[in-house]
Amino acid sequence: MSNGFFIFLAIVVVIVVYAIVIYNNLVSLKHAVSKAWSNIDVLLKQRHDELPKLIETCKQYMKFEQETLEKVMHARNAVHQANQQHDMPALGMAESALRMGMGQLFAVVENYPDLKANDTFKHLQGRVTDLANSIADRREFYNEAVNNNNVRIEQFPDVIIARMLNFKSAELLQFSEEEKADVDFGSMFNT
């Protein structure tokens, strides 16, 4: 056999090994996105389960604040529905509405000293607030994983393998401009 054949064979082996390395890296990135989303999903489900308890506790004290309570529950349901459908734009909008509703709810609570002093309410308020903060933290990790995935599947030579094997880009979880803006707690307490 000639040296040309061995050189050709070596080049083919290097290309195949390189393609395998690219493929494995793309698979790893795809699963990193899934894992990051799974972390958010767990927190969303936990908050979804805690909010009715918080609302029920508030209902016992806030007989005349039904509209505020209904806004929170409607936003909670919208978040759940968007989450179930994996609709990132809708989830971002629903999260914004939920955040605004929770801000209004906590502002209205100021008018109910007995509710503010209730241990169950304080525990649930702390739990829901902690979950919201955790969701925000996990959203950052998720968006980083999505960005890494999307950049990688568009870079050369990875784009060749990504297109051949139908790797898809993922959507960032983004919130509305209202969500990103500072909360005006002063206006909430004037409602």
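The values are calculated or read from the model by the stated rules, or taken from the named source; none is laboratory data. This one's a predicted model, so the numbers in the text were calculated from it and none came from an experiment. Here Cβ is always computed from backbone atoms with ideal geometry, including for glycine, and neighbour counts include all displayed protein chains.
Table for the structure above
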| item | result |
| --- | --- |
| Verdict on L173 being surrounded by 15 or more Cβ atoms within 10 Å (Cβ to Cβ), aliphatic (A, V, I, L, M), at pLDDT below 85 and outside any helix (DSSP H, G or I) | yes |
| Only one of V146, V159 that is β-branched (V, I, T) and either modelled with pLDDT under 85 or surrounded by fewer than 16 Cβ atoms within 10 Å (Cβ to Cβ) (or both) | V159 |
| So H80, is it under 19 Å from the mean Cα position of the chain (by Cα), more than 18 Å from H123 (Cβ to Cβ) and in contact (Cβ under 8 Å) with a residue 12 or more places away in the chain | yes |
| Tally, over the range 27-43, of residues that are in contact (Cβ under 8 Å) with a residue 60 or more places away in the chain and either surrounded by fewer than 19 Cβ atoms within 10 Å (Cβ to Cβ) or over 22 Å from the mean Cα position of the chain (by Cα) (or both) | 4 |
| Out of V128, V108, V159, sole residue that is without any contact (Cβ under 8 Å) to a residue 12 or more places away in the chain and either among the hydrophobic types (A, V, I, L, M, F, W, C) or over 19 Å from D49 (Cβ atoms) (or both) | V159 |
| Set N133, N149: member being farther than 30 Å from I15 by Cα and among the polar types (S, T, N, Q) | N133 |
| Test: residue in the range 138-154 that is under 23 Å from the mean Cα position of the chain (by Cα), part of a helix (DSSP H, G or I) and closer than 21 Å to K71 by Cβ | no |
